[in-house]
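To keep things clear, I will list the structure first and then write my remarks on it.
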Amino acid sequence: MVTQLKAGDISPTQAIEAAFDRIDAVESQVRALPTLCKDRALAAAAALETNTALQNDRRDDPAWLAGLPIAIKDLSDVEGVRSTHGSPIFADLIPDASDLLVEHLENNGAIVIGKSNTPEFGAGGNSFNEVFPSTVTPWDTRMTSGGSSGGAAASLASGEVWLATGSDLGGSLRTPASFCGVVGLRPSPGRIASGPAPLPFDTMSVHGPMGRNVADAALFLDAMVGRDRRDPLSMEKPDVPFLNATTETPRKRRVAYSPDLGVSPVDPEVARVCEGAVNKLAKAGWDVTDDVPDFTGVMDIFQTLRGISFATGMDDLYTNHKDLLKPEIIWNIEKGQQQTTADYGKAERARGAFYQVMAAFYESHDLLICPAACTPPFPVETRYLESLGDVQFSTYMDWLTLPSVITVAAGATISLPCGVTGAGLPVGLQLAGPSCGEYQVIAAAYDAEQILGMSGRVPMDPITR
């Protein structure tokens, strides 16, 4: 689509109309894009179509999307568009300015056509809230799309948009990618500018690209990256486009695989599918080891730092609107409030030590591989998994341990479709790399995608059972 838009074979207006035709056909089934902004999008398309000098000047720019319609997760403000953050507190908010990420994408020729659904303030792995209907996966419309970027993943898998933004703290890009059979890339902290944020030095939560395949995600990442002085951690755009990683000559890679990282129960079907995928990689020449670092105690680090970030960033909401917050968010805030300075210091020191363990691991391995989620999609009415097998989870976040502990390592990580369960539900494989290792992760994921043969299964018509 971007190639055709750049060539003028398709106009941005035509692309928008095509997207809305598809939204009209499937949105009632997946409930992925609850807020649409067609008039705003058509106005942007008309402005772009009359600016032929800009189109010609940027035609060869790998960051230029040339009028491609996209969806923005409803945690990022879009000027003049309802931005609820999945919360009744902001149910009627119409912001007068866009997030830096949206600004950047629109400057690179993206056209926002709607906001994708998310759980309240992005908390949790199931995209339900008190403002909009819950989002489901098109693979089985009884099942959750995951979260918190569930609307983004479902909109991609059902063909409503070509690209969608996501964000990720404890798997919010990777879990819905797994549940919807698409690709979600969690980049290193600072790779993508966002905000202005109340906690601009936070390195746990990041924004990232979602696409139907690895090349699409890489293309989108190129359009998202770049330095912005309003985000103190943001990085300069690299000299070599990330999309170039998908044209690298395939090579042998040394990776470590674990079905559970030694810290999480895993559904037998997920373990079976992921093991089969890793066996295919090994048969293709990848050197697969079980030399996995020790993740004992890493989820405790994550829970402590997550709680402190919630308590710090949401203090005003807790003080003035506690009655409107869902119980899981209240628990997270209060957990943060209960932490002492000693607790915080211990968690930060432990994270620093763990980062060095992972840095040493990547001296001898290209990737760490594990399931992106411990379970296939579950019924959308289930708020979160309270148990798996004979393991009872202590908190609403514990079923998200596999992506959460990878977050602590601050590296680049991608969720890649690797197979389906016996019930026909998608399963994602998590390929984790070092900090600032997006290029290497994308190159490896693209090779894996060709070996595993799951590309092309989406977009799909929603399946109702």
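Worth a mention:
- Partner lysines whose Cα lies under 17 Å from the Cα of K252, excluding those fewer than 8 positions away in the same chain, are identified as K280, K283.
- For peptides 453-461, 423-431, sequence by mean Cβ density within 10 Å, most packed first: 423-431, 453-461
- Straightening the chain between T52 and Y344 buys 99.7 nm, computed as 0.36 nm per residue apart minus the Cα-Cα spacing.
- Within straight-line reach of K73, meaning a Cα separation under 19 Å, sit the following lysines at least 8 residues removed in sequence or on another chain: K38, K115.
- Förster radius 30 Å - calculated FRET efficiency between D315 and L93, Cβ distance, rounded to 0.05: 0.95
- Proximal lysines relative to K335, as straight alpha-carbon distance under 19 Å, when same-chain residues fewer than 8 apart are discounted: K322, K326, K346
- Spacing of the two label points (7 Å from each Cα toward its C-beta) at S387 and A360, in nm: 3.9
- Whole-angstrom gap from the stretch 287-319 to the stretch 86-147, using each part's C-alpha centre: 23
- Within the stretch 2-452, DSSP assigns beta bridges of which about 65% are antiparallel (rounded to the nearest 5).
- Whole-Å distance, taken between Cα centres, linking the stretch 392-442 and the stretch 159-221: 12
- Extreme residue, positive dipole direction of the stretch 92-232, given options V112, G122, S172 (C-beta unit charges): S172
- Sorted by Cβ neighbour density within 10 Å, fewest at the top, the residues T141, T165: T141, T165
- Placing dummy labels 7 Å off each Cα toward the beta-carbon, the span from M460 to K322 is 4.5 nm.
- A P(r) calculated from all alpha carbon pairs of the stretch 45-91, with 5 Å bins opening at zero, reads 5, 17, 18, 15, 13, 14, 9, 6, 3 percent.
- Difference of contour (0.36 nm per residue) and Cα-Cα distance, D239 to D61: 62.9 nm
- Among the GluC sites (Glu not before Pro) within the stretch 212-297, those in coil by DSSP and having at most 15 neighbouring Cβ atoms inside 10 Å are E236, E248.
- Residues S148, S309, S172, arranged from fewest to most other Cβ atoms within 10 angstrom of their Cβ, appear as S309, S148, S172.
- Here the ratio of the Cα radius of gyration of the stretch 70-176 to 2.2 N^0.38 Å is 0.99.
- Listed peptides 432-441, 99-108, 205-214 by packing density, highest first (mean Cβ within 10 Å): 205-214, 432-441, 99-108
- Descending by average beta-carbon neighbour count within 10 Å, the peptides 401-412, 319-330 line up as 401-412, 319-330, the highest first.
- Residues with amide H under 5 Å from that of D287, placed H, sequence gap 5 or more: R253, R254, V255
- Lys/Arg +1, Asp/Glu -1 at C-beta; the stretch 2-452 dipole; positive extreme among P327, F361, T341: F361
- Remark on A110: its backbone amide H falls under 5 Å from those of L65, G67, a criterion applied only to residues 5 or more positions apart or on other chains, H modelled at 1.01 Å from N.
- Dipole magnitude for the chain: computed about the Cα centre from +1 point charges on Lys and Arg Cβ and -1 point charges on Asp and Glu Cβ, it is near 560 debye.
Read the figures in this text as sums done on the coordinates, not as results from a lab. Remember, predicted model here, so these are calculated numbers, not experimental data. Neighbour counts are summed over all protein chains in view; Cβ atoms, including those assigned to glycine, are modelled from backbone coordinates with ideal geometry.
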